[in-house]
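Nothing in this text is a laboratory measurement; each read-out follows from the coordinates by a stated rule. What you see is a predicted model; the values in this text were computed from it and never measured. No Cβ is skipped: glycine too gets one built from the backbone with ideal geometry, and neighbour counts run over all protein chains shown.
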Amino acid sequence: MSGGTTGTPKGVVGSHHAMVSAGLQLRAWLKSAMHEWSDTIMLPLPLFHTYGNTGVQSLALINHNPICLIANARDFGDLLKEIGTEKPAFICAVPTLLNAILNHKLARAGKVDFRSIKLCFCGAAPLMAETLRRFEEVTGGVIVEGYSLTEAQMAVVANPVRGEKKVGSVGMPLPDVDVRILDADDGQTPKPIGEVGEIVIRAPQVMLGYWKRTEETNEMLRTNEGGERLLYTGDLGYLDPDGYLFIVDRKKDLIKTSGYQVWPREIEEIISAHPSVAEVGVVGLPDKMRGETVKAFIVLRPGTAATEPELKAFCRERLAPYKVPSEFEFVSDLPKSHVGKVLRRALKEQELAKGDRV
């Protein structure tokens, strides 16, 4: 099933060929660091999601690696104990899980032995630069951030294991994957290097279609004049001169305030760098004067404190004035999908349900 972050989840129809292709791509990408047979992969994620189902299982079968399954990844204390016991070489995670590990009392007290971890593959949601820095500092391992979506069946873009990793980039296309940036309005005109457009993918593991959803399938999957099947991701981004892909945000999450375009992810990156912030979600809400106003929902790290004026001042030093959230709300947690992706849609719906918006 698709993640459902922007609407109702849909059944994604894949194939055995696609799963094998994904596994072969990942093995080729990670072979410089992963040893066959001996390196254990820890999987604290559900097997019904494409991350574990397609990506990890196919890689493990093809590369002959044992998988350490975690029954309840929300029991962070047990997860940390399993890391010490099983000594995984490779751990698969999403950003919220990495944050939870870093903020757990056992990790903060230095009572977890992370030395076995060589690689952490992170995907499914944007990875904040601060989270990456802290995790690599604590564990000594390397985070390899990847990008894909259920409709593309696991990673189609990833950062190199040994090569340069650029801050803010999700990496480069894997073998046999072609990434294009096309005009977000007409869906056809190629965008120049460095300019933002819709991310469009051609790859052997692209889905066959949505289960009994012809209209939605035709929106996502299109065949161009050359006969290529292209997947229109709905994500906006750009390629740099070296071929690294940078994700800007989801088309549907774009905030328009006072005539300006604001990307929630950029603001989330800034706020997450504040030492008291554990998690953050940013959305646009209706506003009579500006069309939309920016609101940030903040989860604080245990044992820390912050105020709205403090966070506003922090943002003003690092963001253009129109990007600074006009509202901050401190919450105990953020709504998330089953793999830990923050659901901005749910945050927005909760606010609109209060009835005091336009």
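Antiparallel versus total DSSP beta bridges in the stretch 254-353: what percent is that, nearest 5? In the stretch 254-353, approximately 80 percent of DSSP beta bridges are antiparallel ones. By the Kirkwood approach, averaging reciprocal distances over each pair of separate Cα atoms, the stretch 12-173 gets a hydrodynamic radius of 15.8 Å. Of the GluC sites (Glu not before Pro) in the stretch 1-102, the ones in a loop by DSSP (not H, G, I, E or B) with at most 12 other beta carbons within 10 Å are Glu36.
Proximity of backbone amide H atoms, modeled 1.01 Å from N, is registered between Phe328 and Ala296 at under 5 Å, excluding neighbours fewer than 5 places apart on the same chain. Annotation: for a label point projected 7 angstrom from Cα along Cα→Cβ of Met1, residues of the stretch 23-56 with backbone N closer than 19 Å are 45-55.
In a GNM of the chain with a 10 Å cut-off on Cα contacts, which of Gly163, Gly226, Gly284 has the highest mean-square fluctuation? Taking springs between Cα atoms under 10 Å, the residue moving most is Gly226.
In a reduced charge model with +1 at each Lys and Arg Cβ and -1 at each Asp and Glu Cβ, the stretch 190-242 shows a dipole moment near 300 debye about its Cα centre.
For the stretch 171-301, relative contact order (Cα pairs under 8 Å, six or more residues apart, normalised by length) works out to 17 percent.
This model, with +1 at the C-beta of Lys and Arg and -1 at the C-beta of Asp and Glu, gives the chain a dipole about its Cα centre of some 580 debye. Amide H to amide H, with H built 1.01 Å from N, Asp287 comes under 5 Å of Glu292, Thr293, counting only residues 5 or more places away or on other chains. Note that the chain shows a convex hull volume over its alpha carbon atoms of 145 Å³ per residue.
The residue list Ile83, Leu311, Leu119 was ranked by how far each Cα lies along the charge dipole of the chain toward its positive end, using unit charges on Cβ atoms, and Ile83 comes out on top. Which residue, Lys212, Lys256, Lys341, tops the fluctuation ranking in a GNM of the chain built on C-alpha contacts under 10 Å? The residue that fluctuates most here is Lys212.
Here the spin labels are modelled as points 7 Å beyond Cα on the Cα-Cβ line, and at Trp37 and Glu308 they lie 6.2 nm apart. Search the structure for amide H atoms under 5 Å from the amide H of Gly234, placed 1.01 Å from N in the peptide plane, and list their residues when 5 or more places away or on another chain. Amide H to amide H, under 5 Å and 5 or more residues apart or across chains, Gly234 pairs with Ile199. In this label model, Ala273 and Ser326 are separated by 2.5 nm, measuring between points 7 Å along each Cα→Cβ vector.
Separation of the alpha carbons by more than 19 angstrom is noted, of Lys251/Lys348; Lys10/Lys336; Lys166/Lys336; Lys252/Lys295; Lys252/Lys348, for Lys166/Lys336.
Each residue of the stretch 253-261 was assigned a 3J(HN,Hα) from its phi angle through the Karplus expression (A = 6.51, B = -1.76, C = 1.60, θ = phi - 60°), giving 9, 4, 9, 10, 10, 6, x, 9, 9 Hz with x at Gly and Pro.
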